[in-house]
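Only one structure is covered here, and it is reproduced in the block below.
The values are calculated or read from the model by the stated rules, or taken from the named source; none is laboratory data. Since we're looking at a predicted model, the values are computed, not measured. Virtual Cβ from ideal backbone geometry, glycine too; neighbours counted across all protein chains shown. These accessible areas exclude ligands, DNA and RNA; they are computed on the full protein's heavy atoms, side chains included. Shrake-Rupley method; radii C 1.70, N 1.55, O 1.52, S 1.80 Å.
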There are 2 protein chains.
Amino acid sequence: MTVVLKLGGSVITEKDEPETVDRAALSAAVTAIVESAVGDDIVIVHGGGSFGHHHAAEYGVSTTAGTHNVAGVQAIHGAMCRLNAAVVDALTDQGVPAVPVHPFSAATRDADGALSLPTDQITTLLDEGFVPVLHGDLVAHAGEGATVLSGDELVVELAPAVNADRVGVCSTVPGVLDEDGAVVDSIESFDAVAAVLGESDATDVSGGMAGKVRALLALSAPAVVFGPDALPAFLAGESPGTTITGDRGD
Amino acid sequence: MTVVLKLGGSVITEKDEPETVDRAALSAAVTAIVESAVGDDIVIVHGGGSFGHHHAAEYGVSTTAGTHNVAGVQAIHGAMCRLNAAVVDALTDQGVPAVPVHPFSAATRDADGALSLPTDQITTLLDEGFVPVLHGDLVAHAGEGATVLSGDELVVELAPAVNADRVGVCSTVPGVLDEDGAVVDSIESFDAVAAVLGESDATDVSGGMAGKVRALLALSAPAVVFGPDALPAFLAGESPGTTITGDRGD
């Protein structure tokens with residue numbers, strides 16, 4: 001069984017403190033992975049949190065608006081690589097054979113913004129017993145210079161490429177919330193929840209929960225959105241939080 | 001005009017001192033690039049020198065013998081990323097819009113050892129005015145774990161992908177040398193020089209001059225092998241050192 005797990009940037013960083021890892025939260029997530037039965041059949045993607053988003057906002061870069069400023073590229077990409085190194089180190093410290101994969105080195109967008117992410121390197125690393133760790137990043141974008149490539153986009157690209165049986169999105173909230181703050185158990189179309197989906201609190205160049213749900217609905221495998229406390233349950237095969245089931249697989 | 005330039009690891013590092021950049025040599029190479037008319041139509045590849053080779057030797061990793069040891073992967077790949085950061089910094093310090101591209105994040109070898117390197121990200125970065133800087137690295141290798149991907153292999157993959165007009169290999173020697181130590185002006189087949197091609201002095205997991213010549217003969221564009229002093233001449237359009245012309249383009 002292959003799992004694609006997204007660790008939200010807000011989960012593993014202090015989102016309002018520039019470039020600060022939340023080491024306790026990161027360590028707890030790694031422990032949950034180590035103590036699960038998933039083994040090394042897992043691809044991990046993490047978001048930007050306080051590493052990527054502040055720099056992206058400073059340079060006015062989003063998934064559609066790019067920069068040709070090399071200082072901007074270095075600030076954003078460099079910060080994400082530092083966070084990635086912290087995540088890879090936390091994993092290897094607990095014995096997970098984690099290796100970094102930087103999307104900026106592999107992916108492109110064409111002039112229409114369509115993403116191409118080569119994935120043979122990911123499947124080969126998995127087959128060889130390594131745990132690839134990707135991250136929200138920049139991507140070379142025809143006509144725009146470099147734009148943001150969000151962790152959520154990566155999850156959507158990776159899940160079919162690795163034939164993921166399960167897709168988990170670990171966020172700071174316990175699932176997709178309705179207008180009363182209660183967790184929505186299950187989502188099967190965007191229209192059904194469009195009215196209740198707000199944007200996330202802190203700066204998030206990658207679209208918040210609405211963008212997440214829209215993207216995950218496009219997957220054939222069901223995706224589960226849950227909070228940090230529910231990571232062990234997700235890895236044990238349960239479906240805590242919100243299960244998002246699109247129609248692509250039907 | 002697009003140039004692919006390889007900066008040998010021995011040129012930009014103190015090859016016998018672990019993980020030591022030769023800052024004077026690196027700075028001189030960057031100055032030659034800045035003062036040339038090449039502009040940003042250049043892809044730079046650098047070798048491992050004292051960053052990659054010692055670690056690769058320690059873990060017994062070559063272009064064909066791999067490792068599944070994640071500590072080995074991190075030692076070798078991590079060292080190469082540190083050297084790459086030094087090269088990118090040296091370039092941006094002099095105003096070159098350099099961005100890092102890590103081959104381990106993009107490439108694979110199949111079970112027969114054949115290399116696949118996606119290159120759309122490289123051509124898009126070039127088109128957008130960035131200067132991609134790649135490096136000798138590890139690569140996910142089916143059945144072997146991770147093997148070495150040499151800078152010379154990268155040059156051979158990149159030159160046709162970016163439609164390179166000129167390919168330069170800046171080495172510590174002034175060209176390919178014959179048995180008397182004189183520079184061979186021109187090479188058109190491997191057999192003609194096989195007898196005089198020795199291995200390089202220090203530890204080099206990537207095949208030394210013999211491997212370089214063999215690889216460069218496979219290119220359609222002529223490749224020029226020269227020493228550091230001749231870099232300005234090469235970038236000015238001259239062909240110092242040894243010109244290697246294969247038959248693929250005929």
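Proximity of backbone amide H atoms, modeled 1.01 Å from N, is registered between A:HIS141 and A:ARG109, A:ALA146, A:THR147 at under 5 Å, excluding neighbours fewer than 5 places apart on the same chain. 3J(HN,Hα) along region B:105-122, derived from phi through the Karplus expression 6.51 cos²θ - 1.76 cosθ + 1.60 where θ = phi - 60°, amounts to 7, 10, 9, 9, 10, 7, 4, 8, x, 5, 8, 10, 10, x, 10, 4, 5, 5 Hz, with x in place of Gly and Pro. 3J(HN,Hα) along region B:55-72, derived from phi through the Karplus expression 6.51 cos²θ - 1.76 cosθ + 1.60 where θ = phi - 60°, amounts to 5, 4, 5, 4, 9, x, 9, 9, 5, 10, 9, x, 9, 9, 7, 5, 5, x Hz, with x in place of Gly and Pro. For A:ASP191, the point set 7 Å out from Cα toward Cβ sits 7.3 nm from its twins in the other copies, listed from shortest up.
What lysines does A:LYS212 reach when the alpha-carbon gap must be under 24 Å and sequence neighbours fewer than 8 apart in one chain are set aside? Filter leaves A:LYS6, A:LYS15.
Ignoring everything except DSSP H segments at least 4 long, calculate the 222 nm mean residue ellipticity for chain A; use -39,500 (n - 2.57) per segment, divide by total residues, nearest 500. List each step's numbers first, then the result.
Working: 8 runs with 84 residues, N = 250.
The helix contribution divided over chain A gives -10000 deg cm²/dmol.
Our coupling estimate for region B:24-35, obtained by passing each phi through the Karplus curve with A = 6.51, B = -1.76, C = 1.60 and θ = phi - 60°, is 5, 5, 5, 4, 5, 5, 5, 4, 4, 5, 5, 7 Hz, Gly and Pro reported as x. Along its principal axes, the protein assembly as shown has C-alpha extents of 84, 40, 40 angstrom, given from the largest down.
Take A:ALA57 and A:SER189, extend 7 Å from each Cα along the Cα→Cβ direction, and tell me the distance between the two endpoints in nm. Label-label distance for A:ALA57 and A:SER189, simple model: 3.6 nm.
In region A:84-228, a dipole from Cβ-located charges (positive for Lys and Arg, negative for Asp and Glu) runs towards its positive end, and of A:PRO174, A:MET209, A:ALA164 it is A:ALA164 whose Cα lies farthest in that direction.
Once backbone amide H atoms are built at 1.01 Å from N, B:ALA98 has B:THR92, B:VAL131 as its partners under 5 Å, excluding neighbours fewer than 5 places away on the same chain.
To the nearest 0.05, what FRET efficiency results for A:HIS68 and A:ARG23 with a Förster distance of 45 Å applied to their C-beta separation? Working shown, then result.
On the way: r = 35 Å, r/R0 = 0.79.
With a Förster radius of 45 Å, E is 0.80.
Taking one quarter of the surface of the C-alpha convex hull of region B:2-244 gives a mean projected area of 11.7 nm². Between A:ALA114 and B:ALA85, the modelled label-to-label distance comes to 3.7 nm, taking each label 7 Å out from Cα in the direction of the beta carbon. Sorted from closest to farthest, the other copies place their B:GLU58 label points 3.4 nm away, with each point set 7 Å from Cα along Cα→Cβ. Taking amide H positions as placed 1.01 Å from N in the peptide plane, with prolines and chain starts having none, which residues 5 or more places from A:VAL224, or on another chain, fall under 5 Å of its amide H? Close amide H contacts, sequence-distant or interchain: A:VAL167, A:GLY168, A:VAL169, A:ILE244.
What accessible area, summed over both chains, is buried at the A-B interface (1.4 Å probe, Å², nearest 100)? Write out the running numbers ahead of the final one.
Numbers: alone 10520 and 10530 Å², together 18590 Å².
Approximately 2500 Å² gets buried when A meets B.
Quick one: with all protein chains in place, what share of the accessible area of chain A is carbon or sulfur, to the nearest percent (1.4 Å probe)? The value for chain A is 46 percent carbon and sulfur by accessible area. With label points defined 7 Å past Cα in the direction of Cβ, position B:ASP89 shows copy-to-copy spacings of 1.6 nm, given to one decimal and shortest first. Short-range pairs are left out: with C-alpha atoms under 8 Å and at least six residues apart, the relative contact order of chain B is 23 percent.
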